[in-house]
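Asks: Following this message is one structure expressed as structure tokens.
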Amino acid sequence: MATVLDPTAERSPAARPAAARPAALDGLTVGLLCISKPRGDVFMQRLGAALGEAGVTVRHYQKPTFTKPAPTPLRQEIADACDLVVEGLAD
């Protein structure tokens, strides 16, 4: 059981089980979500290139702003198109 802190005004930490990890990325689509902080896009482009070189299918996404949660349509698009997601930030 992992303790996950929610940065959106959670008053006390909640114990949540960690999500199951796939044994391999073969045949999966990985979504890379940049939260729009400075240089986050640079990190995600490099990560995407490395995953692509390893034969992984990659889709890039970007939040309109880092100050708010991703809009519901964007979250739904990612959920429909991807098997797993890496959310990256910078600063």
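The values are calculated or read from the model by the stated rules, or taken from the named source; none is laboratory data. Just so it is clear, the structure is predicted and the values come from calculations on it, not from any experiment. Quick reminder, even Gly has a Cβ in these numbers, built from the backbone with ideal geometry, and neighbours come from all protein chains shown. Side chains included, ligands, DNA and RNA excluded: accessible areas come from the protein's heavy atoms. Shrake-Rupley method; radii C 1.70, N 1.55, O 1.52, S 1.80 Å.
Asks: Just subtract the alpha-carbon distance of Ala24 and Thr72 from 0.36 nm times their residue separation and send over the number in nm, one decimal.
Replies: Between Ala24 and Thr72, full extension yields an extra 14.4 nm.
Asks: Can you give the accessible area per residue of the stretch 15-91, in Å², using a 1.4 Å probe?
Replies: Normalised by residue count, the accessible surface of the stretch 15-91 is 67 Å².
Asks: Which far-off residues, 5 or more places away or on another chain, put their amide H under 5 Å from the one on Arg59, with H placed in the peptide plane?
Replies: When sequence neighbours closer than 5 places are left aside, the close amide H contacts are Val30, Gly31, Leu32.
Asks: While we're here: What are the extents of the Cα atoms of the stretch 34-91 along their three principal axes, listed from largest to smallest and rounded to whole Å?
Replies: Principal axes ranked by extent give 33, 29, 11 Å for the Cα atoms.
Asks: Taking the highest mean first, how do the peptides 24-30, 83-89, 57-63 order by number of other beta carbon atoms within 10 angstrom per residue?
Replies: Result, highest mean Cβ count within 10 Å first: 57-63, 83-89, 24-30.
Asks: Could you tell me the calculated FRET efficiency between Arg11 and Asp83, based on Cβ-Cβ distance and R0 = 41 angstrom, to the nearest 0.05?
Replies: For Arg11 and Asp83, the calculated efficiency is 0.80.
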